[in-house]
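None of the figures in this text is laboratory data; all of them are computed from the coordinates on show. Since the structure is predicted, the reported quantities are computational estimates derived from the model, not experimental observations.
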Amino acid sequence: MALFRRSSQDTQGKDGQWYYCLRHRTVEEGMQCPATDRLGPYATRQDAERAIATAQERDEEWRNDPRWRDEDEDDGAEGAEGAGGGPGKG
């Protein structure tokens, strides 16, 4: 016996909520794919279609925001992994 069950509402989402599926590279209405594979929700289909561009724009803003930069960090000299290199590195 399963401890948790998905209700039909868990997979359907609300009408008018749009998602961008990273696996299928498509816009979907409602929660058709797992949360790990989608961006959203977005209010409109057009917003969901721009999901990747929006994420890139926000990432660029974050990278250039002085509040999020380490003082000893060079301008991109260490690449995407940063000073720590992530878990298990260093």
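Structure above, values below:
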read-out: Percent breakdown of C-alpha pair distances by 5 Å bin, ordered from the shortest bin, for the stretch 11-62; value: 4, 25, 31, 23, 11, 5, 1
read-out: Built amide H within the under 5 Å cut-off of R38, gap 5+; value: L22
